[in-house]
1. Test each condition in (1) at pLDDT below 70; (2) aliphatic (A, V, I, L, M); (3) closer than 30 Å to P138 by Cβ; (4) touching a Gly at 6+ places or on another chain (Cβ under 9 Å) for A32 and report the one that comes out false.
2. Give the number of residues within region 74-102 that are surrounded by 13 or more Cβ atoms within 10 Å (Cβ to Cβ) and either within 14 Å of the chain's Cα centre (by Cα) or at pLDDT 90 or above (or both).
3. Anything in region 38-67 that is buried (at least 16 other Cβ atoms within 10 Å of the Cβ) and farther than 20 Å from E18 by Cα? List them, or say none.
4. Restricting to region 99-117, give me the number of residues that are in a strand (DSSP E or B), more than 18 Å from E55 (Cβ to Cβ) and of a type in the set (K, R).
5. Does R113 satisfy the criteria of being more than 26 Å from F24 (Cβ to Cβ) and surrounded by 13 or more Cβ atoms within 10 Å (Cβ to Cβ)?
6. Only one of V112, V106, V70 is closer than 16 Å to L45 by Cα and either more than 14 Å from the chain's Cα centre (by Cα) or of a type in the set (F, W, Y) (or both). Can you tell me which?
7. Name the single residue that is farthest from the chain's Cα centre (by Cα) among those in region 39-53 being modelled with pLDDT under 90 and within 27 Å of R97 (Cβ to Cβ).
Amino acid sequence: MTTITRWDPFQEAMTLREAMNRLFEESYVPGAARNGNSFVPALDLSETPDAFHVELAVPGLKAENLNITVENGVLTIAGEMQQSEEKKERNYHRIERRYGRFSRSVTLPNTVRGDAIEANLENGVLFLSIPKAEEVKPRKITVNVS
């Protein structure tokens, strides 16, 4: 026997903000990548019952080159990848690593504690843990029988 599930078109629809964020994140500006002026590091966003977690791939970046801010519910991670000096005695045939400034922004729900964010940089990955406020954590309520 097969189960019939009702299709809900609104469940698959993106909000305008999500669509615009995706448009800007995936857009390509001709010449920017070739000049090394900008790049966008990969970002993963996940959630547990207690917190939101952000992982950002920034290989070779030092902690002092990162700037993490939370303002008006928007988490912004900015930084700059420094290019190592080209050796004059070498003839470079290809330079594929990206360098320059970057900035990634993520809109956070109002139910997070921005003052308690923890950040760790380990093996080229920036880990952020953004705790949820107590009132939004799932809570089991016991029913008393009288």
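1. Of everything listed in (1) at pLDDT below 70; (2) aliphatic (A, V, I, L, M); (3) closer than 30 Å to P138 by Cβ; (4) touching a Gly at 6+ places or on another chain (Cβ under 9 Å), A32 misses just condition (3).
2. Qualifying residue count for the region: 6.
3. Result: A51, V58, L61, L66.
4. The total comes to 1.
5. yes
6. V112
7. Top of the filtered list is F39.
The values are calculated or read from the model by the stated rules, or taken from the named source; none is laboratory data. Note that the structure is a prediction, hence the values are computed from the model and not measured. As a convention, Cβ positions derive from the backbone with ideal geometry for all residues, glycine included, and neighbour counts pool all protein chains shown.
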